[in-house]
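Engineer: Pasting a structure below so you can have a look.
The values are calculated or read from the model by the stated rules, or taken from the named source; none is laboratory data. All of these numbers come straight from a predicted model, not from anything done at the bench. Neighbour counts are summed over all protein chains in view; Cβ atoms, including those assigned to glycine, are modelled from backbone coordinates with ideal geometry.
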Amino acid sequence: MIVGIIGKTNVGKSTFFSAATLIPVKISNVPFTTIEPNRGIASIRFHCVCKELGVKDNPRNSKCINGIRWVPVEIVDVAGLVPEAHKGRGLGNKFLDDLRQVDGFIHVVDASGSTDINGNPCELGKGDPVEDIKFVEYEIIMWLFQLLKKDWNKIVKKVIQQREDIIKVLYERLSGLMISKKHIIMALKSRDEFNKDIDKWTDNDIIEFVKILRKIAKPMVIVANKIDLPTAEDNINRIKSEFKDYIVIPCCAEAELLLRLAAKKGLIEYMPGDSSFKILKPNELNEKQKEALSKVEGIIKSWGSTGVQEALESIYKKELKMIAVFPVEDEIKLSDSKGNVLPDIFILQEGSKVIDLAYKIHTDLGNNFLYAINVKTKQKIGRDYVLKDGDVIKIVSAK
């Protein structure tokens, strides 16, 4: 699954992306610094089963550090939005087109209020992050509305005159947006007004439908960035009060980027998401670097962390509901055919079945599936077994 970093222009999205991936990108305090989307790999944490099973693992597609698996995930930093983006203003058309591929959003906002609605620098506290969140949400909803409205007459004709299934017809129009039939069914069942004939739907009905569909199909967490500035705390309280249905994470992406770069150089000991760090080479730090690290130390003491790792794991694990499963070929040695112990970890959504794991590993494994073994319980399981976080699975296929 792919997560998109979205938000108003000039709020720190690219800094967040760099902090999460350590990929250098152009960062500037001016609107539209990002034009082409930045793509990169971040990592999220899952408990490894190595300690539970008493083995020393040697992973291939992830890293295990002290019993924690760091699993790679893809994130995309897209161009910033301005009001009326759905009408083509700014880089709106490009931004919205880039959203087609993503499964969820990390919405970065300027919690300090140091940028106006168009992303231009303004007096500290004069910008309003609550209004910024509302307009970005509105732009995405109107984009989805326009996509449906454009072909609405055709959709109505297929459902009413040709008697095609409404779920099938809507899916045909929306499948290119990473929206599934399951998402559409959930949205249709959410309101009684969606039960009336589709030719009776008003524009407001369509807008309400896509608003609910967006929350189901492309969930979002709000990252309240720039907590190092004095006006941020009051705004964060306002954001949490206004958007009770969302996870709101205080963040300082700039601090996280500094910590990860310092750790990469061996100057400090720090793991993403930690609530502290240790200086390893104080003699190699100049006064400016010491001052910066001291400031970062104050930030994470006040807020618990920089928020970057928490944001990544909140969208993938809490909103997209991803779980971790460990496939093996040898259920006794817990290894693959080459002897690598617990070599791989796959993340799937809650509710995924063992046949989904088989296809995720390889198409042939799914096509020739016979049965699987739950290695922890030593039980034989069928294709419809619902996977649980931390399962270790051997799949048996026809040769």
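Engineer: Can you run down the residue pairs with Cβ atoms below 8 Å, 6 or more apart or on separate chains, where the first is in region 358-377 and in the same structural domain as ASP391 (by TED's automatic domain parsing) and the partner is hydroxyl-bearing (Ser, Thr, Tyr) and assigned to a helix (DSSP H, G or I)?
Structural biologist: Hits for this filter: LEU365/TYR359; GLY366/TYR359.
Engineer: A follow-up question, please. Tell me the residue from GLU319, GLU331 that is under 22 Å from ILE5 (Cα atoms) and touching a residue at least 60 places away in the same chain (Cβ under 8 Å), please.
Structural biologist: Step by step, each of GLU319, GLU331 is checked, and only GLU319 is under 22 Å from ILE5 (Cα atoms) and touching a residue at least 60 places away in the same chain (Cβ under 8 Å).
Engineer: Let me ask something else about it. Looking only at helices (runs of 4 or more DSSP H) that lie completely in region 202-284, which have at least 2 residues being surrounded by fewer than 19 Cβ atoms within 10 Å (Cβ to Cβ) and of a type in the set (D, E, K, R)?
Structural biologist: It comes to 203-217, 232-242.
Engineer: Let me ask another. Does GLY339 meet the test of being within 25 Å of the chain's Cα centre (by Cα), outside any helix (DSSP H, G or I), surrounded by fewer than 16 Cβ atoms within 10 Å (Cβ to Cβ) and not charged (D, E, K, R)?
Structural biologist: Numbers: within 25 Å of the chain's Cα centre (by Cα): no; outside any helix (DSSP H, G or I): yes; surrounded by fewer than 16 Cβ atoms within 10 Å (Cβ to Cβ): yes; not charged (D, E, K, R): yes.
Spelling it out, it is not the case that GLY339 is within 25 Å of the chain's Cα centre (by Cα), outside any helix (DSSP H, G or I), surrounded by fewer than 16 Cβ atoms within 10 Å (Cβ to Cβ) and not charged (D, E, K, R).
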